Protein chains: 2
Amino acid sequence: MSEAYKELERIFHPRSIAFVGVTTSNPMHWTRTFWDSARVFNFDGPVYAVNPRGGQLDGHKVCLSLDDVPGDIDYVIGTVAAGIAPEIVRKCAGRGVKAVHFCTAGFNETGATESAGLQEELVRLSAETGIRIIGPNCMGIYCPESRLSFDADFPLESGNIGLISQSGGNAIYIVREAGWRGVRFSKVISFGNACDLNECDFLEYLIEDPATSVIALYLEGVRDGARFLRLMERASREKTVVLLKGGLGEAGARATESHTASLAGNNATWEALCRQFNLTRPKNVEELVDILTTLYFMPDPGGRNVILIGPGGGASVLLTDEFERRGLRLPALPEKIREKLLGFTQLAGNMLRNPIDYSQTMLESDSLERAVGILTDWDEIDFCVGFFRPSQFPPRGLSFILREEGTIANSYRASHKPVAFICEQAIIPEGQKATFSLMQKLAASKIPVYLSFAAAAEALSAVVTYNERRRARRGD
Amino acid sequence: MSEAYKELERIFHPRSIAFVGVTTSNPMHWTRTFWDSARVFNFDGPVYAVNPRGGQLDGHKVCLSLDDVPGDIDYVIGTVAAGIAPEIVRKCAGRGVKAVHFCTAGFNETGATESAGLQEELVRLSAETGIRIIGPNCMGIYCPESRLSFDADFPLESGNIGLISQSGGNAIYIVREAGWRGVRFSKVISFGNACDLNECDFLEYLIEDPATSVIALYLEGVRDGARFLRLMERASREKTVVLLKGGLGEAGARATESHTASLAGNNATWEALCRQFNLTRPKNVEELVDILTTLYFMPDPGGRNVILIGPGGGASVLLTDEFERRGLRLPALPEKIREKLLGFTQLAGNMLRNPIDYSQTMLESDSLERAVGILTDWDEIDFCVGFFRPSQFPPRGLSFILREEGTIANSYRASHKPVAFICEQAIIPEGQKATFSLMQKLAASKIPVYLSFAAAAEALSAVVTYNERRRARRGD
């Protein structure tokens, strides 16, 4: 392991944390997010609340200043006003602090000269003191292994996905949305303006990190293009890389500048990079989450032939269009397999070709499980996708899902090929509880779940294409 | 009005209905959908339940046969087994019945010779008796004006959108999903196998219908191409037409055959048709709903320059990408407008360019309303889009939406330009109630609501393009 890896490994696993600027009065305030997360995650070293107003926080005396903190401090989370940030770094000098994470906004991203001066001052102080800075204008680190989190609702368990995100909001979105579908992360870094530690430092760390096998990036811009290219080449050889670039158009580039003070680069450059290194490139965070969910749960199906199974004729037709439009293939069901299905299901109201449109009655015995078994034994098929579209059913009728979710999950778990499921979420409260519960049940069965037809087709096509290219590179 | 129009007008406004084959035992059964809908919609003519098992249904004596129905019958809804369908038509002869709608599946769409024979028999009987047939294998008619519906949960009020759908499931999806966003329909027809009345008959009717100004179609195939072309030409001159074609690829065409026994036609043909007649062409039902919602609420903004407003820097960047990718434009905010905004809001944590990323504090006074007012006074802007992405916020924090939904709706209602809103729905039950409530509040304020960034950009771009072409055709 490199020295750089070891330094970041220490930063990601602090033994004590000071929360500077944390509010004692407003539990819904952003700054409390960090403090509350440490408590919920049961961080097992000392934690110190620091705020000049003093007081008590969850039974802890609030120190008036960093100077009053009695013990060693490994890691500082600063939610102070921008103008005070440099002073915080100065106070950390000589206290054993490895890194300061500034959540604080109001630096280069504002475009104001005074704010830029403040950020320069932070860079200078970091170099002078050897204290590394994360941010400013970011959410910092989520590392379930070391019980460090920037959100109390994030999963407590680790997984094999590492995420580097320039945006805190997008990092939260990704962890939350992927989390509800069962996906877990090794390390997540929201790095914002990156005045010191930047995307390349974190990327190098995740490449070396044995707990990370998929690296996801949300980037608005890159500081050191040459280093970034070298690292992407290495990352793509050793791991699976998924890259979302934000700020592609004219106004988008203007927005990234104003968001994290990044220079955006043009779309063609990013597209070429992704092709060269076989990076998977989602168009937005929704697609990024879908792709991560696929990579997390689904083994390489080895091909692009799919069988689609679910209720609804019109829905089946539209789903088929979504899959074929993206180059996935639905081989026609041979007569001998159709006959096997007709042995235990009726013809009227069921379309038994590919897609398979089955009626609700198919859930009332073990018909669905038998059908999934027979269809995934068929050697023309590489993988199987089930679907459920709640808005075809009366909202009050959706409670049947709560009764049948076990049947559905077990039936698809009986697949002999890799399997995925499209579970659209009801948008009205009466049905939404049932569909969310089905989604969770499927996620617990390690089945990747998508929230729309188009989303499933897009993610599955992206991952199938990635796998094909990877096999071609390796000469498989 | 044509004779054909008058005939269909009578069919869409029956004075009495017989429900043949309706089950008395299972209130969740499909066949009860029709009966229950008539009750919920308070259909004001006589209704008759017919089933050889007899019994009572909601205080009505169930007739053992159509022969036992005491009064005149205008309209018959048949949910009998396919084999019995011809017998039903025979029994209707001489009873004054204008039309029989067969929900029943098991005809041409099965691909079996026997089933096709049954359908042929229906065609023959229709010609012989003069009784028109809707279907088989479909959901029939929803016409709020005449209190005829195939779903008890559909809105009771009428609107200006007419929908013709070959698929019952897709018709239900569209009415339900659009309905939750405030969209109302004049007439909806699910016509299935169309053995007698077909897409052209219904299209001609809607073209003449004064209550319909937007015509939406979900088609899997067309029987009489020449007539269809003539009607589309006329429809596109007199109304706004939105066309979704299902079954485009190889397996898709196979699926439509198996679903509604339709020949699909190729994509290039459909694309050319849409270009020629300036039809808006969504790729799926989700987009169709988004486009209908836009057309229903949003006046032609007259151009493609947009201002985007909402919380979250990363979200703002991604939303900008979605809009620019689809040819919508975000002019840069001039310094003098930026200064006006800085008069009542802070710089740190707010990106005041275009997009406008505002922090939650902006909801705590009338800041948002003032900002929307100033921004939509700016003459570079044609329309305004607000957004809210719940997954950036902790789920327990989403309750603030319930407090602030009035502020949000009022602020955007204060827009001086056409306005739309992206209200993503929380996927976990704790947050979902709040986001659904916000969506309903906005819909009640006649603001079109979209459920994702990409969906909004796609629909707005489609409608803006439609409007541009329409103006160009008219020489405006």
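The values are calculated or read from the model by the stated rules, or taken from the named source; none is laboratory data. What you are looking at is a predicted structure, and each value in this text was computed from that prediction instead of being measured. Reconstructed Cβ throughout: ideal geometry from the backbone, glycine too, with neighbour counts over all protein chains shown.
Specify the residue that is surrounded by the fewest Cβ atoms within 10 Å (Cβ to Cβ); the eligible residues are those in region B:433-476 that are among the basic types (K, R) and in a helix (DSSP H, G or I). Before you say what the answer is, go through the steps one by one.
Let us first name the residues in region B:433-476 that are among the basic types (K, R), namely B:433, B:441, B:446, B:469-471, B:473-474.
Applying the additional criterion that residues be in a helix (DSSP H, G or I) yields B:433, B:441, B:469-471, B:473-474.
Numbers: B:K433: 17, B:K441: 20, B:R469: 13, B:R470: 14, B:R471: 12, B:R473: 12, B:R474: 7.
Top of the filtered list is B:R474.
For region B:323-336, indicate whether the set of residues that are surrounded by 24 or more Cβ atoms within 10 Å (Cβ to Cβ) and not aliphatic (A, V, I, L, M) is non-empty.
Within region B:323-336, one or more residues are surrounded by 24 or more Cβ atoms within 10 Å (Cβ to Cβ) and not aliphatic (A, V, I, L, M).
Among the residues of region A:226-237, is any in the same structural domain as A:G169 (by TED's automatic domain parsing) and outside any helix (DSSP H, G or I)? Walk me through how you get there before you give the answer.
Residues of region A:226-237 in the same structural domain as A:G169 (by TED's automatic domain parsing): A:226-237.
From what's left, outside any helix (DSSP H, G or I): none.
Looking for residues that are in the same structural domain as A:G169 (by TED's automatic domain parsing) and outside any helix (DSSP H, G or I), one finds none in region A:226-237, hence no.
Show the residue pairs that are 6+ apart or on different chains and have beta-carbon atoms under 8 Å apart, the first residue being within region A:395-424 and assigned by TED's automatic domain parsing to the domain that holds A:I307 and under 14 Å from A:M439 (Cβ atoms), the second being hydroxyl-bearing (S, T, Y) and surrounded by fewer than 21 Cβ atoms within 10 Å (Cβ to Cβ).
Pairs found: A:I401/A:S437; A:L402/A:S437; A:E405/A:S437; A:A409/A:S445; A:Y412/A:S445.
Considering only residues that are hydrophobic (A, V, I, L, M, F, W, C) and more than 16 Å from B:F388 (Cα to Cα), look in region B:291-327 and name the one that is nearest to the other protein chains (Cβ to nearest Cβ). Reasoning before the result, please.
First pass over region B:291-327, keeping only residues hydrophobic (A, V, I, L, M, F, W, C): B:291-292, B:295, B:297-298, B:306-309, B:315, B:317-319, B:323.
From the residues that got through so far, the ones that are more than 16 Å from B:F388 (Cα to Cα) too are B:291-292, B:295, B:297-298, B:306.
Working: B:I291: 15, B:L292: 14, B:L295: 20, B:F297: 18, B:M298: 21, B:V306: 9 Å.
Top of the filtered list is B:V306.
Looking only at region A:269-277, decide whether some residue is within 14 Å of another protein chain (Cβ to nearest Cβ) and modelled with pLDDT under 95. Full working, then the answer.
Filtering region A:269-277 for residues within 14 Å of another protein chain (Cβ to nearest Cβ) gives A:270-271.
From what is left, the residues that are modelled with pLDDT under 95 are A:270-271.
Yes; the residues of region A:269-277 include at least one that is within 14 Å of another protein chain (Cβ to nearest Cβ) and modelled with pLDDT under 95.
Assuming A:I164 fulfils every condition listed in (1) in contact with a strand residue (DSSP E or B) (Cβ under 7 Å, 6 or more places away or on another chain); (2) modelled with pLDDT under 95; (3) of a type outside the set (D, E) apart from one, which condition is it?
Exception for A:I164: condition (2).
Looking at region A:341-348, is at least one residue buried (at least 19 other Cβ atoms within 10 Å of the Cβ) and either acidic (D, E) or within 37 Å of the chain's Cα centre (by Cα) (or both)? Let's see the steps before the verdict.
Just the residues of region A:341-348 that are buried (at least 19 other Cβ atoms within 10 Å of the Cβ), to begin with: A:341, A:345.
Pick out the ones that are also either acidic (D, E) or within 37 Å of the chain's Cα centre (by Cα) (or both) and you get none.
Looking for residues that are buried (at least 19 other Cβ atoms within 10 Å of the Cβ) and either acidic (D, E) or within 37 Å of the chain's Cα centre (by Cα) (or both), one finds none in region A:341-348, hence no.
What are the residues in region A:23-82 that are assigned to a helix (DSSP H, G or I) and either within 14 Å of chain B (Cβ to nearest Cβ) or under 28 Å from B:Q360 (Cα atoms) (or both), if any? Give the steps one after another, and end with the answer.
In the first step, residues of region A:23-82 are kept if they are assigned to a helix (DSSP H, G or I); the result is A:30-40, A:66-68, A:82.
Once the filter is applied, which keeps residues that are assigned to a helix (DSSP H, G or I) and either within 14 Å of chain B (Cβ to nearest Cβ) or under 28 Å from B:Q360 (Cα atoms) (or both), region A:23-82 yields A:W30, A:T31, A:R32, A:T33, A:F34, A:W35, A:D36, A:S37, A:A38, A:R39, A:V40, A:A82.
Here are the criteria: (1) touching a Phe, Trp or Tyr at 6+ places or on another chain (Cβ under 9 Å); (2) without any contact (Cβ under 8 Å) to a residue 40 or more places away in the chain; (3) not aliphatic (A, V, I, L, M). Tell me which single one A:T113 does not satisfy.
(1)
Given the options A:E250, A:E271, A:E199, name the one that is charged (D, E, K, R) and over 24 Å from A:L295 (Cβ atoms). Write out each step before concluding.
Working: A:E271 fails: over 24 Å from A:L295 (Cβ atoms); A:E199 fails: over 24 Å from A:L295 (Cβ atoms).
Only one candidate passes the filter, namely A:E250.
Does region B:200-218 contain at least one residue that is in contact with a Pro (Cβ under 7 Å, 6 or more places away or on another chain) and assigned by TED's automatic domain parsing to the domain that holds B:S149? Before the answer, list the steps.
In the first step, residues of region B:200-218 are kept if they are in contact with a Pro (Cβ under 7 Å, 6 or more places away or on another chain); the result is none.
The answer is no, given that none of the residues of region B:200-218 is in contact with a Pro (Cβ under 7 Å, 6 or more places away or on another chain) and assigned by TED's automatic domain parsing to the domain that holds B:S149.
Out of all the residues in region B:283-293, which are farther than 16 Å from B:S167 by Cα and surrounded by fewer than 24 Cβ atoms within 10 Å (Cβ to Cβ)? Write out each step before concluding.
The first filter runs over region B:283-293 and keeps only residues farther than 16 Å from B:S167 by Cα, leaving B:287, B:290-293.
Listed by number, the list holds a single entry, B:E287.
Just name the residue that is surrounded by the most Cβ atoms within 10 Å (Cβ to Cβ) out of those in region B:4-39 that are more than 24 Å from B:F202 (Cβ to Cβ) and aliphatic (A, V, I, L, M).
So, considering only residues that are more than 24 Å from B:F202 (Cβ to Cβ) and aliphatic (A, V, I, L, M), the one surrounded by the most Cβ atoms within 10 Å (Cβ to Cβ) is B:V22.
Go through region B:180-197 and report how many residues are within 17 Å of A:G314 (Cβ to Cβ) and either within 13 Å of chain A (Cβ to nearest Cβ) or surrounded by fewer than 24 Cβ atoms within 10 Å (Cβ to Cβ) (or both).
4
I'd like the residue in region A:217-234 that is more than 17 Å from A:G192 (Cβ to Cβ) and among the small types (G, A, S) and, out of all such residues, is nearest to the other protein chains (Cβ to nearest Cβ).
A:G225
Can you confirm whether A:I73 is touching a residue at least 60 places away in the same chain (Cβ under 8 Å) and buried (at least 21 other Cβ atoms within 10 Å of the Cβ)?
On the way: touching a residue at least 60 places away in the same chain (Cβ under 8 Å): no; buried (at least 21 other Cβ atoms within 10 Å of the Cβ): yes.
Here the answer is no, as A:I73 does not meet what is asked.
Within region B:257-268, is there a residue that is among the hydroxyl-bearing types (S, T, Y), crowded, with 19+ Cβ neighbours inside 10 Å, at the interface with another protein chain (Cβ under 10 Å from one of its Cβ atoms) and in a loop (DSSP other than H, G, I, E, B)?
Start the filter on region B:257-268 by keeping residues that are among the hydroxyl-bearing types (S, T, Y), which leaves B:258, B:260, B:262.
Within this subset, residues satisfying the condition of being crowded, with 19+ Cβ neighbours inside 10 Å are B:258, B:260, B:262.
Add one more test, that the residue is at the interface with another protein chain (Cβ under 10 Å from one of its Cβ atoms), and what stays is B:258, B:260, B:262.
With in a loop (DSSP other than H, G, I, E, B) added as a condition, the list becomes B:262.
Looking for residues that are among the hydroxyl-bearing types (S, T, Y), crowded, with 19+ Cβ neighbours inside 10 Å, at the interface with another protein chain (Cβ under 10 Å from one of its Cβ atoms) and in a loop (DSSP other than H, G, I, E, B), one finds at least one in region B:257-268, hence yes.
If we keep just the residues of region A:290-322 that are under 24 Å from the mean Cα position of the chain (by Cα) and outside any helix (DSSP H, G or I), which is farthest from A:A216 (Cα to Cα)?
By that ranking, first place goes to A:P301.
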